[in-house]
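Colleague: Following this message is one structure expressed as structure tokens.
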Amino acid sequence: MIRPPHFWSLQRLSVPALLLAPVAGLYGWVAGRRMRQKPKATAAVPVICVGNYVVGGAGKTPTALALARIARAQGLHPGFLTRGYGGTTREPLVVDPDQHDAARVGDEALLLAEAGPVVVSPDRPAALPLLASQGVDLIIMDDGFQNPSLRKDLSLIVVDGAAGVGNGRVFPAGPLRAPLRTQIVRTDAVIVVGDGKPGDRMVRRVSRAGKVVLKAKLEPAALRVWGPRSFLAFAGIGRPEKFFNTLDAAGVPLTDVKGFPDHHAYTAEDARRLIARADADKLDLITTSKDYVRLARQDGDLAALRARTKVFDVRMHFENEARIGALIADVVRRVATR
């Protein structure tokens with residue numbers, strides 16, 4: 001995946017966005033029309049969709065993991081459904097971290113598999129029999145908000161508070177996956193992660209539309225003292241600088257950073273260069289859990305990079321977790337009576 005262009009984040013009208021407006025208009029019309037289609041399938045159990053309005057990352061996977069934790073506390077047995085972005089699997093597949101790697105099922109699927117059953121399937125309705133075979137009584141769908149194939153009983157949209165929806169324009173003139181109004185109408189609640197004026201603007205917009213707004217933040221999964229050596233941090237996620245800022249806020253001593261495109265497939269050359277940079281300045285290596293699982297089941301230089309790298313785990317913390325729990329309990333009750 002390529003890095004998002006700079007003009008996507010500009011609040012003023014830019015020349016590239018203006019030139020791309022005709023293409024964006026056509027793309028938005030097609031995407032909006034698709035979103036308005038009736039679902040092709042309905043699951044026997046509740047489906048909670050964790051999506052976002054824009055292309056790229058916003059914290060969907062940590063949110064999905066947090067929802068599963070809350071659901072388990074209610075006595076539920078949640079499972080995950082993902083299309084396996086970045087993987088090669090085309091048929092429905094139950095993820096086994098001992099057999100599958102990110103090249104086959106995608107990095108998000110491997111992270112989710114640490115918390116419950118995961119089925120990877122580009123055709124989401126086709127995954128339902130496999131999820132049922134795992135005894136799942138709640139499906140948490142990581143992404144797929146704009147995909148109409150499977151009925152969603154609760155749509156939770158994750159918004160990065162520091163990025164918002166960028167310039168508010170539809171791809172490729174901006175980062176939106178479909179016209180914002182079309183997406184907001186189909187939203188049940190928006191989860192704004194972190195602080196920032198772009199996120200504040202989204203809070204006002206969705207509040208005026210009568211949608212629930214929740215606040216959350218990513219925080220270290222465990223408190224620890226880092227050091228004594230400083231670190232070279234690397235990450236191939238939607239906004240690598242966000243990860244680097246999180247490390248700095250957590251007191252991780254940083255000397256160097258290296259960002260890669262989202263879902264970057266690391267090469268042996270990448271590994272050799274990162275290790276060489278770390279050795280030259282006597283640094284330790286640190287990365288995200290998503291990048292770390294991308295290095296699993298590798299050999300040679302990539303295995304050496306994984307062995308040298310520490311992981312900075314984060315978890316999603318909701319300001320009002322009880323409200324999230326109530327949303328889950330309510331959707332379970334509604335589906336049970338339909």
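The values are calculated or read from the model by the stated rules, or taken from the named source; none is laboratory data. What you are looking at is a predicted structure, and each value in this text was computed from that prediction instead of being measured. Every residue, glycine among them, receives a Cβ derived from its backbone with ideal geometry; neighbour counts consider all protein chains shown. Remember, those area values only see protein heavy atoms, side chains included, never the ligands or the DNA or RNA. Shrake-Rupley method; radii C 1.70, N 1.55, O 1.52, S 1.80 Å.
Colleague: Note down the net charge around Arg229, summing +1 for each Lys or Arg and -1 for each Asp or Glu among other residues with Cβ under 10 Å from its Cβ.
Modeller: Neighbourhood net charge equals -1.
Colleague: Another question about this same structure. Provide the per-residue ³J(HN,Hα) series for the stretch 277-290, in order, calculated from phi with Karplus coefficients 6.51, -1.76, 1.60 and θ = phi - 60°, each as a whole number of Hz, with x at glycine and proline positions.
Modeller: Going residue by residue, I get 5, 5, 5, 4, 10, 6, 10, 8, 10, 8, 8, 7, 5, 5 Hz, with x marking Gly and Pro.
Colleague: Return the long-range amide H neighbours of Phe260 (sequence gap of 5 or more, or a different chain), with a cut-off of under 5 Å between placed amide H atoms.
Modeller: Ala235, Gly236, Ile237
Colleague: Report, by chain and number, residues whose modeled amide H sits under 5 Å from the one on Val159, excluding near sequence neighbours (fewer than 5 apart, same chain).
Modeller: Ile191, Val192, Val193
Colleague: While we're here: Under a plain spin-label model, where a point goes 7 Å from the Cα along Cα-to-Cβ, how far apart in nm are Arg90 and Val311?
Modeller: Label-label distance for Arg90 and Val311, simple model: 3.1 nm.
Colleague: Using a cut-off of under 17 Å, list every residue of the stretch 1-45 whose amide N is near the label point 7 Å from the Cα of Ala209 along the Cα-to-beta-carbon line.
Modeller: 28-37
Colleague: If you add up the charges near Ser121, with Lys and Arg at +1 and Asp and Glu at -1, over every other residue whose beta carbon is less than 10 angstrom from its beta carbon, what do you get?
Modeller: +1
Colleague: Normalised by the empirical 2.2 N^0.38 Å for globular proteins, what value does the Cα Rg of the stretch 26-82 take?
Modeller: 1.43
Colleague: Considering the chain as a Gaussian network with a 10 Å cut-off on Cα pairs, which listed residue, Pro39, Pro122, Pro175, attains the greatest mean-square fluctuation?
Modeller: Taking springs between Cα atoms under 10 Å, the residue moving most is Pro39.
Colleague: Compute the normalised compactness of the stretch 201-330: alpha-carbon radius of gyration over 2.2 N^0.38 Å, N being the residue count.
Modeller: Values: Rg = 18.0 Å, N = 130, 2.2 N^0.38 = 14.0 Å.
That works out to 1.29 for the stretch 201-330.
Colleague: How much mean residue ellipticity at 222 nm does the chain get from its helices, if each DSSP H run of length 4 or more adds -39500 (n - 2.57) and you divide by all residues, to the nearest 500 deg cm²/dmol?
Modeller: After summing the helix terms and dividing by residue count, I get -10500 deg cm²/dmol.
Colleague: On the protein heavy atoms, probe 1.4 angstrom, tell me the percent of accessible surface of the stretch 199-338 carried by carbon and sulfur.
Modeller: 50 percent
Colleague: Which lysines, on any chain, are close to Lys217 with Cα under 26 Å apart, when same-chain ones fewer than 8 places away are left out?
Modeller: Lys60, Lys152, Lys197, Lys242, Lys258, Lys290, Lys310
Colleague: Let me ask something additional. Search the structure for amide H atoms under 5 Å from the amide H of Met141, placed 1.01 Å from N in the peptide plane, and list their residues when 5 or more places away or on another chain.
Modeller: Ile48, Cys49, Val50, Leu81
Colleague: Shifting gears a bit: Report the far tail of the P(r) of the stretch 46-144, meaning the percent of Cα-Cα pairs longer than 21 Å.
Modeller: 24 percent
Colleague: Give me the extension gain from Arg33 to Ala189: residue separation times 0.36 nm, minus the current Cα-Cα distance, reported in nm with one decimal.
Modeller: On the way: separation 156, 0.36 × 156 = 56.16 nm, distance 2.18 nm.
Value of the extension gain: 54.0 nm.
Colleague: Counting just the Cα atoms, what span does the chain cover along each of its three principal axes? Round to the nearest Å and put the largest first.
Modeller: 61, 51, 37
Colleague: Using only the alpha-carbon atoms, what does the stretch 134-290 span along each of its principal axes? Please give whole angstrom values in decreasing order.
Modeller: Over the stretch 134-290, Cα extents along the principal axes are 54, 39, 36 Å.
Colleague: Next question. Normalising by the residue count of the chain, find the relative contact order in percent from Cα pairs under 8 Å and 6+ residues apart.
Modeller: The value is 21 percent.
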